[in-house]
Amino acid sequence: MKIYRLLIPLLFCLISINSGFAQDYSMPEVNISASIQDDGTVLIEESRTYNYRGSFSWADYRLPKQGFREIKNIQVSESDSIYINENSEEPGTFSVSESDDLIVIKWHYDATDEERTFTLQYELEGAISIGPEFSEFYWIFIGDGRDKVMGSSDVTVQLPGQVSADSMYSWNYSSASDSELIESESLFTLSSGRVNRNQNVAIRALFPTSVFQSDLIEVTDPNLDLDEIIQEEAEYDEMLQRQAERDAFFAEIAMPVTILLSLLSLGIFYFSYSRYGKRHSTATISDRETVVIPDRTPPAIIGRLMSSRHSTGNHLVATIFDLARRGWFKIEEQEKESSFFSSGKSEFQISIPNELPEEDLPKWEQMVVRFVKNQINNGNDSFVKLFQSNSSKVAKWFNSWKKEIKQVFDENGWIDQKSYTGVYINIAGQIIIDIAAIVLLILAGPIAIAAILIAFIFMVASMAIIRHTKEGEEKFQRWKAYRDGLKNADERTLRMEIVDHHFIYATALHLTKKELNTLIESSYDSGSNNHFPWIVLMAGSTHTPATVASSISTLAATSSASFTGTTGGSGASTGSAGGGATGGAG
């Protein structure tokens with residue numbers, strides 16, 4: 001019984017979801033008639049057939065306010081039923097609204113899983129450019145940018161009176177691919193098959209002005225000339241022909257040019273890397289894991305080498321730990337008072353010893369000592385407050401400190417400066433390839449995107465060209481072996497008397513919290529708790545130096561990641577088409 005209680009709501013849920021997805025409509029057919037009256041007005045009658053799947057209650061018709069002076073006598077009907085113009089949203093009614101650029105006709109009905117045909121009628125004034133001898137009706141009957149594809153369309157433009165076909169001129173301006181325009185006596189007929197959402201249906205028609213009743217019209221374009229328009233259209237046809245030939249040419253070469261650009265992109269990177277970025281051989285250096293500290297390079301300096309030439313919060317923390325180990329600071333666990341927002345566990349505080357070592361510090365270590373002293377004097381003596389208080393000043397100081405570290409790092413000559421030449425050559429070459437590929441994209445289409453992406457990837461890969469000098473590569477490999485060794489170290493491989501040195505370097509080398517815990521726990525397993533004399537733990541504390549390092553490194557890394565700022569700031573015209581109606585349903 002319980003399973004039925006679960007399945008029944010699930011079944012209703014699936015049914016409702018399915019019905020939501022099932023609600024859709026199509027427009028299999030549109031028929032439009034434009035009857036030009038002898039007073040120059042145009043009567044438009046458009047029948048739109050909708051095939052509904054699901055329930056619908058409204059449809060609309062959006063006509064751009066272009067190419068006519070006035071629209072009037074708007075009607076909506078269905079078979080013999082005339083809809084009422086009132087803004088009640090009741091079935092059988094319609095409303096007309098407008099914005100700066102649209103006339104919107106919206107009608108209401110009830111339809112469920114059926115086919116319905118609605119007819120719209122309206123009258124246009126000023127939609128025809130009237131010249132002394134010939135007049136022009138240039139109209140977009142179906143606009144692009146619609147929600148739905150139209151299955152087929154038939155458009156007729158009826159002239160008043162009797163007009164022979166040899167005095168009628170028309171041009172098919174439809175973007176629908178299979179449209180056909182035919183001229184017959186007093187009638188233009190434009191038939192189209194499938195009209196995609198981004199396609200339109202349009203006619204430019206010229207006919208004698210004598211079809212109008214002369215006392216009911218006035219010339220609106222005295223410069224309208226048949227010969228000029230015919231010449232204009234001939235030139236336009238020639239331009240389309242040239243464009244078609246050009247498009248066919250670029251379509252033919254698009255694939256081979258894309259392949260060529262991609263190969264050039266690869267070739268430029270390969271040349272730049274092999275000429276300037278190929279790594280120096282370190283065959284004489286063992287790559288086996290080791291727990292022997294390679295040399296006495298300070299943590300912040302070696303950390304930058306091992307972090308792709310970036311200084312991080314971990315390097316700052318490791319420097320503070322190293323200074324504490326050498327007697328410049330004292331790190332002590334203190335009991336923390338309970339409050340509503342925190343438990344009364346412990347926190348680590350940093351202080352300055354009464355007696356300082358007699359040691360000349362380099363500038364970057366002096367900066368750390370002064371920074372910590374200032375923070376302590378301002379009451380920020382806990383590690384939580386050390387990096388979080390007055391974050392803008394901390395960020396400014398941290399950037400200055402990183403610049404000093406970079407200067408010291410660069411003086412060691414571990415990075416091959418000539419390799420930057422390869423970076424610049426590669427970036428310049430990839431930019432040229434990208435520009436060429438963008439031009440190809442414009443001329444030949446989306447296939448060129450492949451070349452753009454490949455050139456962009458190789459441009460980003462420029463950083464891989466930067467290499468170490470031979471000395472720098474050997475140093476990197478030694479420290480990499482040491483870092484790998486620390487990750488798998490235990491009490492059997494570590495010298496316990498220098499485990500605090502390992503801990504400091506492990507922090508600078510970005511070992512994980514789990515790896516730090518394993519490293520430090522190895523020292524406690526050896527039976528001694530005095531391997532970290534510069535960190536004084538509270539009696540009965542459950543903390544280990546590993547948890548201290550992990551939490552402080554996270555703090556420093558989070559702070560350094562936020563050392564960035566953001567900014568912010570507070571009527572018809574000859575040769576121009578009117579119309580372009582679209583619409584939807586819901």
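The values are calculated or read from the model by the stated rules, or taken from the named source; none is laboratory data. Keep in mind it's a predicted model, so treat the numbers as computed, not measured. So basically every Cβ, Gly included, is an ideal-geometry build from the backbone, and we count neighbours across all protein chains shown. These accessible areas exclude ligands, DNA and RNA; they are computed on the full protein's heavy atoms, side chains included. Shrake-Rupley method; radii C 1.70, N 1.55, O 1.52, S 1.80 Å.
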Inset, instruction - Take the Cα coordinates of region 220-363, assign each an equal point scatterer, and use the Debye formula without solvent to give log10 I(q)/I(0) at q = 0.15, 0.20 Å⁻¹. - result: -1.06, -1.28
Legend entry - Cross-link pairs beyond the 18 Å C-alpha cut-off, checked among 418/470; 278/403; 373/406; 487/513; 330/402; 373/393: 278/403; 373/406; 330/402
Inset, instruction - Among the trypsin sites (Lys or Arg not before Pro) in region 35-81, which ones are in a DSSP loop with at most 14 other Cβ atoms within 10 Å of the Cβ? Mind listing them? - result: 65, 69
Legend entry - Binned Cα-Cα distances of region 468-513, short to long, each 10 Å bin given as a whole percent: 25, 50, 22, 3
Legend entry - Charge context of residue 95, other residues only, Cβ under 14 angstrom, K/R +1, D/E -1: -3
Legend entry - Hz values of 3J(HN,Hα) by residue in region 470-482 - Karplus curve (6.51, -1.76, 1.60), Gly and Pro given as x: 4, 4, x, 5, 5, 5, 4, 5, 4, 6, 5, 4, 5
Legend entry - Summed residue charge, Cβ within 10 Å of residue 216's Cβ, Lys/Arg positive, Asp/Glu negative: -4
Inset, instruction - Could you work out how far the C-alpha centroid of region 474-490 sits from that of region 269-297, in angstrom? - result: 13 Å
Inset, instruction - On a C-alpha basis, how far is the centre of region 185-206 from the centre of region 29-96 in Å? Whole number, if you could? - result: 19 Å
Inset, instruction - Check the straight Cα-Cα distances from residue 65 and name the aspartates and glutamates below 17 Å, setting aside those fewer than 8 residues away within the same chain. - result: 98, 100, 101, 123, 125, 144
Legend entry - Solvent exposure ordering (accessible area, 1.4 Å, most first) of 492, 467, 246: 492, 246, 467
Legend entry - From phi via Karplus (6.51, -1.76, 1.60), per-residue ³J(HN,Hα) for region 462-469 in Hz, x at Gly/Pro: 4, 4, 6, 6, 5, 10, 7, 5
Inset, instruction - Could you go through region 29-43 in sequence order and give the Karplus-derived ³J(HN,Hα) for each residue, using 6.51 cos²θ - 1.76 cosθ + 1.60 with θ = phi - 60°, rounded to whole Hz, and x for Gly and Pro? - result: 7, 9, 10, 10, 10, 10, 9, 7, 8, 6, 9, x, 7, 10, 9
Legend entry - Hydrodynamic radius by Kirkwood, which averages 1/r over all alpha carbon pairs of region 54-176, in angstrom: 17.1 Å
Legend entry - Sequence-distant residues sharing a close amide H with residue 416 (under 5 Å, placed H): 467, 468, 469
